[in-house]
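Here's the structure, in structure tokens; my notes come after.
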Amino acid sequence: VFVESDIMSYLAQGKKIEDILGGVHSAIAARTISLVRRVGIEPEVTFTGGVSRNPGMVKALEEKLGTKLNVSPDSHFVGALGASLFALERALKGAERRPQESAPAQA
């Protein structure tokens, strides 16, 4: 809510949209990095998910981290790939637990 009102205020002041969006990207990157630092940041960082397709966000994160990010052209599929692998693993474990069907008795 506050961000939306800030953006509206900047637009009313005649600020350029690209400058406003740059500020939004910078703020999100700063918040993200402060959260990630709690668990630790490796020297090599890979950025996945749909947001990794946003060049402004990639640039803001790279600037704040001081390093280039690994971003695959297909990085937006990583979440779906992970979900499908998880589903496959659960399905295979479920198949192991089910008793084998016995063959029908021969007369």
Handout entry: Using a Förster distance of 25 Å, the FRET efficiency for residue 88-residue 46 (Cβ separation, nearest 0.05)
Key = 0.65
Handout entry: Angle in degrees between helix 17-36 and the longest Cα principal axis of the chain, rounded to the nearest 10
Key = 50 degrees
Exercise for the section: Please turn the phi angles of segment 88-94 into ³J(HN,Hα) values with the Karplus equation 6.51 cos²θ - 1.76 cosθ + 1.60 (θ = phi - 60°), one per residue in order, whole Hz, x for glycine and proline. Expected result: 4, 4, 5, 5, 5, 5, x
Fill in the blank from the handout: Whole-Hz Karplus couplings 3J(HN,Hα) for segment 70-81, θ = phi - 60° and coefficients 6.51, -1.76, 1.60, Gly and Pro as x, run 7, 9, 7, x, 9, 4, 6, 8, 4, x, 5, 4
Handout entry: Sequence-distant residues sharing a close amide H with residue 45 (under 5 Å, placed H)
Key = 70
Exercise for the section: Enter the angle in degrees (range 0 to 90, nearest 10) between the Cα long axis of helix 55-65 and the first principal axis of the Cα atoms of the chain, meaning the one along which they spread out most. Expected result: 80 degrees
Exercise for the section: Below 26 Å Cα-Cα, how many Lys pairs turn up in the chain? Only count pairs eight or more apart in sequence, or on different chains, if you could. Expected result: 5
Fill in the blank from the handout: Whole-number value, in Å³ per residue, for the convex hull of the alpha carbons of the chain is 197 Å³
Handout entry: Where labels lie 7 Å past Cα in the beta-carbon direction, separation of residue 17 and residue 65 in nm
Key = 2.9 nm
Practice task
Enter the angle in degrees (range 0 to 90, nearest 10) between the Cα long axis of helix 2-12 and the first principal axis of the Cα atoms of the chain, meaning the one along which they spread out most.
Solution key: 40 degrees
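Each value in this text was obtained by applying a stated rule to the coordinates, not by laboratory testing. Computed from a predicted structure; not experimentally measured. Neighbour counts are summed over all protein chains in view; Cβ atoms, including those assigned to glycine, are modelled from backbone coordinates with ideal geometry.
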